[in-house]
Amino acid sequence: MHHHCEVIMPPSSDIGKDLEKIMSPFCESREDCDGNEFWDFYVMGGRFAGTKETCGYNQERLDEFYKKLNENKVTVSGLICGKQQINPATQIPMVDKLWNDVFPTENGEIIACPLFAHSNNQYDSSDLISCDICRVEEIPENLIASRVIIACPSHDNDEIKTRFMICDEQWNGVNHMQVDWDGKVKSAINKFIDRCTYYKEEYKQKALPKPNWICITVDYHS
């Protein structure tokens with residue numbers, strides 16, 4: 001199954017490389033597995049590209065858009081692999097026009113409707129949608145994910161390392177059990193901040209997520 005993860009870390013000049021460092025210890029194909037691995041494939045954006053952007057959509061305008069889709073008898077594939085796929089594809093230009101009529105961009109640029117699969121290549125980390133990589137201060141209040149990872153500099157150097165991770169359910173060796181977390185990314189950050197209370201003040205200032213840190217949408221498969 002594919003799951004939605006948000007990774008929070010300091011600003012980076014090579015996001016892909018730093019993300020790989022953060023994710024690699026949890027790869028299921030590692031030879032030295034310790035039971036904490038949770039992915040066999042991941043990509044930035046992927047099936048969850050545009051999730052942060054959609055969190056901010058006005059519901060009335062969304063309803064208007066869906067009404068237009070119904071009026072134009074737009075059809076989608078019965079097979080869903082991530083986002084719904086417009087089928088036949090000849091309808092895509094019409095759908096994109098309807099989307100841009102209801103949600104015009106500030107600069108007038110015509111974009112693909114982010115609600116459907118044609119809006120990005122779900123296997124390409126470079127094919128992102130607005131806000132897939134955003135600043136921490138820009139994280140929507142209602143953004144929900146299956147897992148949140150927070151990485152920060154190590155105690156004795158600036159090497160980035162995972163210091164906090166939370167997921168919506170955890171395998172206990174017999175069954176999956178729910179975790180005490182509402183799924184909101186902001187709530188996960190607050191849980192980490194609470195944990196930082198026990199850190200020494202000097203390290204706390206290094207570890208606490210700052211407004212200019214980045215939040216990356218990741219699609220991982222397990």
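The values are calculated or read from the model by the stated rules, or taken from the named source; none is laboratory data. What you see is a predicted model; the values in this text were computed from it and never measured. Because the Cβ atoms are built from the backbone with ideal geometry, glycine has one as well, and the counts that use them run over all protein chains shown.
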Taking first residues from region 133-159 that are in contact (Cβ under 8 Å) with a residue 12 or more places away in the chain and second residues anywhere that are surrounded by 14 or more Cβ atoms within 10 Å (Cβ to Cβ) and assigned to a loop (DSSP other than H, G, I, E, B), the pairs with Cβ under 6 Å that are 6 or more apart or on different chains are 136/209; 136/213; 144/183; 146/168
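Quick check on region 205-222: of everything there that is under 18 Å from the mean Cα position of the chain (by Cα) and over 28 Å from residue 40 (Cα atoms), which residue is surrounded by the most Cβ atoms within 10 Å (Cβ to Cβ)? Steps first, please.
Of all residues in region 205-222, those under 18 Å from the mean Cα position of the chain (by Cα) come to 209, 211-222.
Imposing the further condition that a residue be over 28 Å from residue 40 (Cα atoms) reduces the set to 211-212.
Numbers: 211: 8, 212: 10.
Selected residue: 212.
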When restricted to 7, 43, the only residue in contact with a Phe, Trp or Tyr (Cβ under 9 Å, 6 or more places away or on another chain) and either aliphatic (A, V, I, L, M) or in a loop (DSSP other than H, G, I, E, B) (or both) is 43
Review point. Condition test on residue 125, is it assigned to a loop (DSSP other than H, G, I, E, B) and either charged (D, E, K, R) or at pLDDT 95 or above (or both)?
Key: yes
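Looking at 164, 116, which one is buried (at least 19 other Cβ atoms within 10 Å of the Cβ), aromatic (Phe, Trp, Tyr), in contact with a strand residue (DSSP E or B) (Cβ under 8 Å, 6 or more places away or on another chain) and free of Cβ contacts under 8 Å to residues at least 40 places away in the same chain?
164
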With criteria (1) farther than 23 Å from residue 162 by Cα; (2) in contact with a strand residue (DSSP E or B) (Cβ under 7 Å, 6 or more places away or on another chain), residue 18 comes up short on (1)
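Check 105, 90 and return the single one that is hydroxyl-bearing (Ser, Thr, Tyr), at pLDDT below 95 and farther than 23 Å from residue 183 by Cβ.
Numbers: 90 fails: at pLDDT below 95.
It is 105.
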Would you mind stating whether residue 121 is surrounded by fewer than 18 Cβ atoms within 10 Å (Cβ to Cβ) and touching an Asp or Glu at 6+ places or on another chain (Cβ under 6 Å)?
yes
Quiz item: Based on what the data block shows, is residue 34 under 30 Å from residue 192 (Cα atoms), exposed (fewer than 12 other Cβ atoms within 10 Å of the Cβ), at pLDDT 90 or above and assigned by TED's automatic domain parsing to the domain that holds residue 140?
Solution: no
Residue 98 vs (1) in the same structural domain as residue 76 (by TED's automatic domain parsing); (2) over 23 Å from residue 15 (Cβ atoms); (3) surrounded by fewer than 18 Cβ atoms within 10 Å (Cβ to Cβ): all pass except (3)
Of the residues that make up region 58-76, is at least one outside the structural domain of residue 158 (by TED's automatic domain parsing) and touching a Gly at 6+ places or on another chain (Cβ under 9 Å)? no
Log entry, pairs with first residue in region 3-21 being in contact (Cβ under 8 Å) with a residue 60 or more places away in the chain and within 23 Å of residue 123 (Cβ to Cβ), second being among the charged types (D, E, K, R) and in a helix (DSSP H, G or I), beta carbons closer than 6 Å, six or more apart or on different chains, reads 12/18
